[in-house]
Amino acid sequence: MDLGNLQINPISDGTDLISLLTSIVGTILMVAGIIAFLYLIYAGIMYMTAGGDAEKAQGARTAILNTIIGIVVIILSYAIVRYLETEVF
């Protein structure tokens, strides 16, 4: 049975530390983006179901604004990580 070039340790396949950290940070930012998008949908549903209640509508608008700010921060973080990976390291 030929297993080819099977390696047990995933770090020992020539991946350097910077690539590994970039991959981890990218995955974390992707998960954060998915969570933020789902929260944006939830906040939109909260706004639609406020039913004329000004307090609920204001809370939903605040949630939407905070989520949009969070998504912008996530996108900028990803851009900074990609820049550092390609230009600095």
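The values are calculated or read from the model by the stated rules, or taken from the named source; none is laboratory data. All values reported here derive from a predicted model rather than from experimental measurement. Cβ atoms come from the backbone with ideal geometry, glycine included; neighbour counts cover every protein chain shown.
How many of the residues making up the stretch 19-51 are aliphatic (A, V, I, L, M) and exposed (fewer than 15 other Cβ atoms within 10 Å of the Cβ)? So that I can check it myself, show each step before the final result.
The initial filter retains those residues of the stretch 19-51 that are aliphatic (A, V, I, L, M), namely 20-21, 24-25, 28-32, 34-36, 38, 40-41, 43, 45-46, 48, 50.
Next cut, exposed (fewer than 15 other Cβ atoms within 10 Å of the Cβ) only: 20-21, 24, 28, 30-31, 34-35, 38, 41, 45, 48.
Qualifying residue count for the region: 12.
For the residues ILE80, ILE18, the requirement of being in contact (Cβ under 8 Å) with a residue 40 or more places away in the chain and either in contact with a Phe, Trp or Tyr (Cβ under 7 Å, 6 or more places away or on another chain) or of a type in the set (A, V, I, L, M) (or both) singles out ILE18.
Residue-by-condition table, conditions (1) part of a helix (DSSP H, G or I); (2) modelled with pLDDT of 95 or more; (3) not hydrophobic (A, V, I, L, M, F, W, C):
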| site | (1), (2), (3) |
| --- | --- |
| GLY26 | yes, no, yes |
| GLY44 | yes, yes, yes |
| ALA60 | yes, yes, no |
| ARG82 | yes, no, yes |
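Every condition in (1) of a type in the set (A, V, I, L, M, F, W, C); (2) in a helix (DSSP H, G or I); (3) modelled with pLDDT of 90 or more is met by ALA50 except one, and the failing one is (2).
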